[in-house]
Amino acid sequence: MTHFLGYRCSLCAAEYGPDFDGYVCPRHGDSGNLDVVLDYAAIGRSVSPSSLADSADLSLWRYLPLLPVGDPGCQGTPLRAVGGTPLYRAERLGQGLGLGDVWLKDDGRNPTASLKDRASAVVVTRARELGAQVVVTASTGNAGAALAGMAGAVAQPAVIFAPETAPPAKVAQLLIFGARVLLVRGNYDQAFDLSVAAAREFGWYCRNTGYNAFTVEGKKTAAYEICDQLARAVGAPGNRWAAPGCIFVSVGDGNIISGLHKGLKDLTALGWIDRMPRLMAVQAEGSAACAQAWAAGTETITPVAANTLADSISVDLPRDGVRAVRAVRETAGAFVTVSDDEILGAISTLGREAAVFAEPAGAAAHAGLVRAVRQGLVRADETIVVLNTGSGLKDVKSAMRAAGPPARIEPTLEAVNAALA
Ligand SMILES: Cc1ncc(COP(=O)(O)O)c(C=O)c1O
Ligand SMILES: [Zn+2]
């Protein structure tokens, strides 16, 4: 049974019933992102941290009673395997920064190797409930790979619009999962607008990040997992989960951080956590529209001409920018910006000190932690979670830039000796 009551506009608070057939609040063009409204009283009566502790399902479907969709069925498919990603105790990462309690949540370990699987699993489930013939998305690469994979898992036709500059591994995933792929000679923002126009023209169901309210509902499960897994790791007392002090996450469109915020608000409303973690948002210096709005104390997001090697967070106009800025402000968090060199450094550090291989946008979260330590934004003794959002296998070119070239030698022991000297 779902506890889905409808939608509320994040800008004007207008409410729409569960049968509303738009994507955004009609009063604001494409910018009125909708929040899904849930019946917390009913959820609280049907499920609790204690009852969930008995669930053998470690995927995001563990949290089905808190999602606005019904059980998707399709047992044994990759759609049922999304989530349940590891939360590592990253002692060496912390020690290097003088921090005592750092954890690393590795969402690169999802079926298509990014956090975006969470959104796509829930959106594909919703699309099937609606009887959609085709699901479409615009993507910098990962959202598309995730939609292609999740749609492929249940034989749902999908169309992906991505910038033609997307890293080859991501494009390969789109093609291999059998989606219809249209590489756009333009940037992500142009692909986004084109996909919305195509969805309208052809009657396709549109998954676009932020635009579709169900994306946040999938991504919020990362926050549930962090608190659920931390509780299990530290043995939280009573019928409660454990909230960290803060969570570091990279921001492009701002939908992942909005998802984390929604998840944490759900848990607060249900009384499952007793404090709200600070959300620490990390943007690339070259793609920092949300950070600039936050620093200026405004919710008006002014587009930038994005330029960063972290392709997944390279966004001119963040499509979920207002909610991203609010997520930070309402949790007393902060935005930090990091350079591409700092992001490359973080790829190396995560690999060497935590054995986690992150793509640039994922590693940006750790680069943000390093910055925040320098700026005195975290306490040495607080529980800190760094969220890696995508696997390094998605962008091997950047990884090789971070690592530098390996030694190449003749096949002789002398050459080994010389190389090791
Ligand atoms: C690996 C990775 N990290 C971070 C982000 C940023 O998420 P959002 O655009 O929701 O802010 C993305 C989005 O594509 C991503 O793929
Ligand atoms: Zn509105």
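The values are calculated or read from the model by the stated rules, or taken from the named source; none is laboratory data. It should be emphasised that the depicted structure is a prediction, and the values quoted were computed from it without experimental measurement. Quick reminder, even Gly has a Cβ in these numbers, built from the backbone with ideal geometry, and neighbours come from all protein chains shown.
Restrict the check to region 48-60 and report whether at least one residue is away from ligand 1 (no atom under 16 Å from the Cβ) and touching a Pro at 6+ places or on another chain (Cβ under 8 Å).
Residues of region 48-60 that are away from ligand 1 (no atom under 16 Å from the Cβ), as a first pass: 48-60.
Going one step further and asking which of them are touching a Pro at 6+ places or on another chain (Cβ under 8 Å), we end up with none.
No, region 48-60 contains no residue that is away from ligand 1 (no atom under 16 Å from the Cβ) and touching a Pro at 6+ places or on another chain (Cβ under 8 Å).
State whether the residues of region 281-302 include one that is within 23 Å of VAL370 (Cβ to Cβ), away from ligand 2 (no atom under 16 Å from the Cβ) and acidic (Asp, Glu).
yes
What about ASP35, is it touching a residue at least 60 places away in the same chain (Cβ under 8 Å), in a helix (DSSP H, G or I) and more than 17 Å from GLN229 (Cβ to Cβ)?
Numbers: touching a residue at least 60 places away in the same chain (Cβ under 8 Å): yes; in a helix (DSSP H, G or I): no; more than 17 Å from GLN229 (Cβ to Cβ): yes.
So ASP35 does not fit the description; no.
Does region 222-232 contain any residue that is within 20 Å of ASP320 (Cβ to Cβ) and part of a strand (DSSP E or B)?
Within region 222-232, none of the residues are within 20 Å of ASP320 (Cβ to Cβ) and part of a strand (DSSP E or B).
Please pick out the residue among GLU359, GLU342, GLU330 that is away from ligand 1 (no atom under 12 Å from the Cβ) and within 24 Å of LYS394 (Cα to Cα). Let's see the steps before the verdict.
On the way: GLU359 fails: away from ligand 1 (no atom under 12 Å from the Cβ); GLU330 fails: within 24 Å of LYS394 (Cα to Cα).
Every option except GLU342 fails the conditions.
Output the residue which, of all residues in region 8-20 that are assigned to a loop (DSSP other than H, G, I, E, B) and over 25 Å from the mean Cα position of the chain (by Cα), is farthest from PRO65 (Cα to Cα).
Here is the first cut: in region 8-20, the residues assigned to a loop (DSSP other than H, G, I, E, B) are 10-14, 17-20.
Narrowing further to those that are over 25 Å from the mean Cα position of the chain (by Cα): 12, 14, 17, 19-20.
On the way: CYS12: 28, ALA14: 25, GLY17: 19, ASP19: 19, PHE20: 21 Å.
Of everything passing the filter in region 8-20, CYS12 is farthest from PRO65 (Cα to Cα).
Just checking, which of ALA132, ALA146 is of a type in the set (Gly, Ala, Ser), at pLDDT 95 or above and within 11 Å of ligand 1 (Cβ to nearest atom)?
On the way: ALA132 fails: within 11 Å of ligand 1 (Cβ to nearest atom).
Answer to the selection: ALA146.
Based on what the data block shows, is GLY96 away from ligand 2 (no atom under 16 Å from the Cβ), surrounded by 13 or more Cβ atoms within 10 Å (Cβ to Cβ) and under 24 Å from LEU260 (Cβ atoms)?
Values: away from ligand 2 (no atom under 16 Å from the Cβ): yes; surrounded by 13 or more Cβ atoms within 10 Å (Cβ to Cβ): yes; under 24 Å from LEU260 (Cβ atoms): no.
Here the answer is no, as GLY96 does not meet what is asked.
Collect the residues in region 264-284 that are buried (at least 24 other Cβ atoms within 10 Å of the Cβ) and either of a type outside the set (A, V, I, L, M, F, W, C) or closer than 15 Å to ARG329 by Cα (or both), keeping them in residue-number order.
LEU264, PRO277, LEU279, MET280, ALA281, VAL282, GLN283
Pick from ASP30, ASP19, ASP39: which is acidic (Asp, Glu) and either within 16 Å of ligand 2 (Cβ to nearest atom) or surrounded by 18 or more Cβ atoms within 10 Å (Cβ to Cβ) (or both)? Outline the logic, then answer.
On the way: ASP19 fails: either within 16 Å of ligand 2 (Cβ to nearest atom) or surrounded by 18 or more Cβ atoms within 10 Å (Cβ to Cβ) (or both); ASP39 fails: either within 16 Å of ligand 2 (Cβ to nearest atom) or surrounded by 18 or more Cβ atoms within 10 Å (Cβ to Cβ) (or both).
Only one candidate passes the filter, namely ASP30.
Could we say that ASP381 is within 16 Å of ligand 2 (Cβ to nearest atom), closer than 26 Å to LYS265 by Cα, out of contact with any strand residue (DSSP E or B) (no Cβ under 6 Å at 6 or more places or on another chain) and touching a residue at least 40 places away in the same chain (Cβ under 8 Å) here? Walk me through it before giving the result.
Working: within 16 Å of ligand 2 (Cβ to nearest atom): no; closer than 26 Å to LYS265 by Cα: yes; out of contact with any strand residue (DSSP E or B) (no Cβ under 6 Å at 6 or more places or on another chain): yes; touching a residue at least 40 places away in the same chain (Cβ under 8 Å): yes.
No; evaluated as a whole, the condition is false for this residue.
Give region 66-93 a look and list any residue that's assigned to a helix (DSSP H, G or I) and surrounded by 18 or more Cβ atoms within 10 Å (Cβ to Cβ), or say none.
The initial filter retains those residues of region 66-93 that are assigned to a helix (DSSP H, G or I), namely 66, 78-81, 91-93.
Result: LEU66, PRO78, LEU79, ARG80, LEU93.
Cβ-Cβ under 7 Å, sequence separation 6+ or interchain: first residue in region 5-19 and closer than 19 Å to ARG326 by Cα and in contact (Cβ under 8 Å) with a residue 60 or more places away in the chain, partner more than 10 Å from ligand 2 (Cβ to nearest atom) and acidic (Asp, Glu). Which pairs?
TYR7/ASP35; SER10/ASP35
What's the total number of residues in region 398-409 that are surrounded by 10 or more Cβ atoms within 10 Å (Cβ to Cβ) and farther than 23 Å from THR165 by Cα? It would help to see each step written out before you state the result.
Filtering region 398-409 down to residues surrounded by 10 or more Cβ atoms within 10 Å (Cβ to Cβ) leaves 398-403, 409.
Then drop every residue that is not farther than 23 Å from THR165 by Cα, which leaves 409.
Here the count works out to 1.
Do you know which residues across region 352-368 are more than 15 Å from ASP107 (Cβ to Cβ), out of contact with any Leu (no Cβ under 7 Å at 6 or more places or on another chain) and of a type outside the set (A, V, I, L, M)? It would help to see each step written out before you state the result.
The first filter runs over region 352-368 and keeps only residues more than 15 Å from ASP107 (Cβ to Cβ), leaving 352-353, 355, 367-368.
Those left that are additionally out of contact with any Leu (no Cβ under 7 Å at 6 or more places or on another chain): 352, 355, 367-368.
Scanning region 352-368 gives ARG352, GLY368.
Determine, yes or no, whether LEU5 is assigned to a strand (DSSP E or B) and away from ligand 2 (no atom under 16 Å from the Cβ). Steps first, please.
Values: assigned to a strand (DSSP E or B): yes; away from ligand 2 (no atom under 16 Å from the Cβ): yes.
For LEU5, the condition - assigned to a strand (DSSP E or B) and away from ligand 2 (no atom under 16 Å from the Cβ) - is met.
Given (1) touching a Lys or Arg at 6+ places or on another chain (Cβ under 8 Å); (2) closer than 26 Å to GLY271 by Cα; (3) in contact (Cβ under 8 Å) with a residue 24 or more places away in the chain, identify the lone condition not met by PRO86.
With respect to (1) touching a Lys or Arg at 6+ places or on another chain (Cβ under 8 Å); (2) closer than 26 Å to GLY271 by Cα; (3) in contact (Cβ under 8 Å) with a residue 24 or more places away in the chain, PRO86 is out only on (3).
Test GLY368 against the stated conditions and say whether it is assigned to a helix (DSSP H, G or I), in contact with a strand residue (DSSP E or B) (Cβ under 6 Å, 6 or more places away or on another chain) and at pLDDT 95 or above. Outline the logic, then answer.
Numbers: assigned to a helix (DSSP H, G or I): yes; in contact with a strand residue (DSSP E or B) (Cβ under 6 Å, 6 or more places away or on another chain): yes; at pLDDT 95 or above: yes.
In short, yes.
Looking only at region 240-252, filter to residues that are part of a strand (DSSP E or B) and under 10 Å from the mean Cα position of the chain (by Cα); which one of those is nearest to ligand 2 (Cβ to nearest atom)? I'd like the intermediate steps shown before the answer.
Keep residues of region 240-252 that are part of a strand (DSSP E or B), which gives 246-250.
From what's left, under 10 Å from the mean Cα position of the chain (by Cα): 249-250.
On the way: VAL249: 26, SER250: 28 Å.
Top of the filtered list is VAL249.
Within region 49-61, can one find any residue that is surrounded by fewer than 22 Cβ atoms within 10 Å (Cβ to Cβ), modelled with pLDDT under 95, among the charged types (D, E, K, R) and not in a helix (DSSP H, G or I)?
Yes, because at least one residue in region 49-61 is surrounded by fewer than 22 Cβ atoms within 10 Å (Cβ to Cβ), modelled with pLDDT under 95, among the charged types (D, E, K, R) and not in a helix (DSSP H, G or I).
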